[in-house]
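Only the coordinates and a few stated rules stand behind these numbers; no lab work does. What you are looking at is a predicted structure, and each value in this text was computed from that prediction instead of being measured. We place every Cβ from the backbone using ideal geometry, glycine too, and count neighbours over all the protein chains shown.
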Amino acid sequence: MSHHIIEVAGLCYSYPDGTQALRGVSFRAVHGESVAVIGANGAGKSTLLVHLNGYLMPSQGKIRIGDLPLTKGTLQDIRRTVGMIFQDPDDQLFMPTVYDDVAFGPINLGLPPDEVDARVNKALDLVEVPHLKNKPPYRLSGGEKRRVAIATVISMSPDILVLDEPTTGLDPLARRQLIGLLGNFHHTKIIASHDLDMVADLCERTIVLHEGAIRADGPTADIFRDDALLAACRLEKPLSMQGCPVCGAQQAKEPSCAK
């Protein structure tokens with residue numbers, strides 16, 4: 001399934017003020033992979049993600065989504081393939097009702113009304129919020145907004161999901177529900193996040209960005225066991241892998257220390 005593949009080669013990007021955000025980034029993600037992109041603030045995570053569906057175009061280097069190179073001429077097809085979910089769901093919710101927001105993309109694809117309606121209902125069912133269909137987005141909780149933002153992308157039937165800090169601002173229950181929801185999606189997923197426990201739960205592979213370049217790319221468990229790498233990139237282990245602050249035991253191995 002070549003249309004599910006992302007290939008990035010020698011990607012460089014500098015902002016208009018001269019700040020070099022990406023420095024020769026190269027990686028390949030294949031069908032069904034869940035790949036995390038982690039790094040300290042300013043490492044280039046969000047800049048990388050918005051290149052994957054052409055919100056930014058490379059200063060240098062190449063991006064290929066499936067069989068298509070990313071160019072101005074292929075943007076429409078690329079954006080049908082790559083669904084981008086932004087850090088702030090309010091950036092994606094702007095219509096009078098949830099239904100209208102989720103229908104916006106399919107309508108702009110030129111689909112007939114029956115197909116639009118079917119896609120909206122299916123997307124809302126998948127994220128388990130069909131009861132919010134007629135609500136205005138500003139009346140939703142943070143977790144509800146996040147689910148609806150995901151539905152706006154799913155209704156476009158993308159092959160690849162790209163998510164920027166999907167758990168930001170969620171309470172513990174909404175966060176856990178979202179992790180469960182994303183775990184049930186079998187799309188290729190690229191997830192940038194500071195939530196390293198979520199990364200450990202969802203992503204079998206992790207890319208570490210540091211000062212705009214890839215410092216490491218490998219199995220998530222191996223990345224999180226590399227203390228020297230994490231320290232050099234201003235990162236810490238997930239809380240689930242850190243020792244108990246009281247007894248020093250590993251939380252995952254000795255939960256009894258909380259007694």
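Structure data summary
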{"item": "Eligible aspartates and glutamates near K135 by straight Cα distance, threshold 18 Å, same-chain separation 8 or greater", "result": "D90, D91, D100, D101, D117, D125, E144"}
{"item": "Cα gyration tensor shape for region 121-233, rounded if a/c is under 1.5, else prolate or oblate", "result": "prolate"}
{"item": "Lys, Arg +1 and Asp, Glu -1 on Cβ, resulting dipole of the chain about Cα centre, debye, nearest 20", "result": "140 debye"}
{"item": "Expected 222 nm ellipticity per residue - DSSP helices of 4 or more, -39500 (n - 2.57), all of the chain, to 500", "result": "-9000 deg cm²/dmol"}
{"item": "Two-site FRET efficiency, K135 against Y55, from Cβ-Cβ distance with R₀ of 35 Å, rounded to 0.05", "result": "0.80"}
{"item": "Unit charges at the beta carbon, dipole of region 2-258: most positive-side option, P113, V8, P166", "result": "V8"}
{"item": "Percent of Cα pairs exceeding the 30 Å cut-off, where the set is the chain", "result": "31 percent"}
{"item": "Separation between Cα centres of region 17-39 and region 62-85, rounded to whole Å", "result": "15 Å"}
{"item": "By average C-beta atoms within 10 angstrom, highest first, the peptides 85-93, 219-227", "result": "85-93, 219-227"}
{"item": "Cβ-defined net charge surrounding L170, 12 Å radius [Lys, Arg +1; Asp, Glu -1]", "result": "+1"}
{"item": "Taking all pairs of distinct alpha-carbon atoms in region 177-233, Kirkwood radius in angstrom", "result": "12.2 Å"}
{"item": "Fewest-first sequence of L11, L68 by Cβ atoms within 10 Å of each Cβ", "result": "L68, L11"}
{"item": "Over 25 Å between alpha carbons, listed pairs K72/K133; K189/K237; K72/K189; K62/K145", "result": "K72/K133; K62/K145"}
{"item": "Within region 2-258, percent of DSSP bridges classed antiparallel, to nearest 5", "result": "55 percent"}
{"item": "Rounded, prolate or oblate (a/c below 1.5 giving rounded, otherwise prolate when a/b exceeds b/c) for region 154-204 by Cα gyration tensor", "result": "prolate"}
{"item": "Relative contact order of the chain, defined on C-alpha pairs under 8 angstrom at six or more residues apart (%)", "result": "24 percent"}
{"item": "Computed over region 65-163, Cα set: Rg, Dmax in Å", "result": "13.4, 41"}
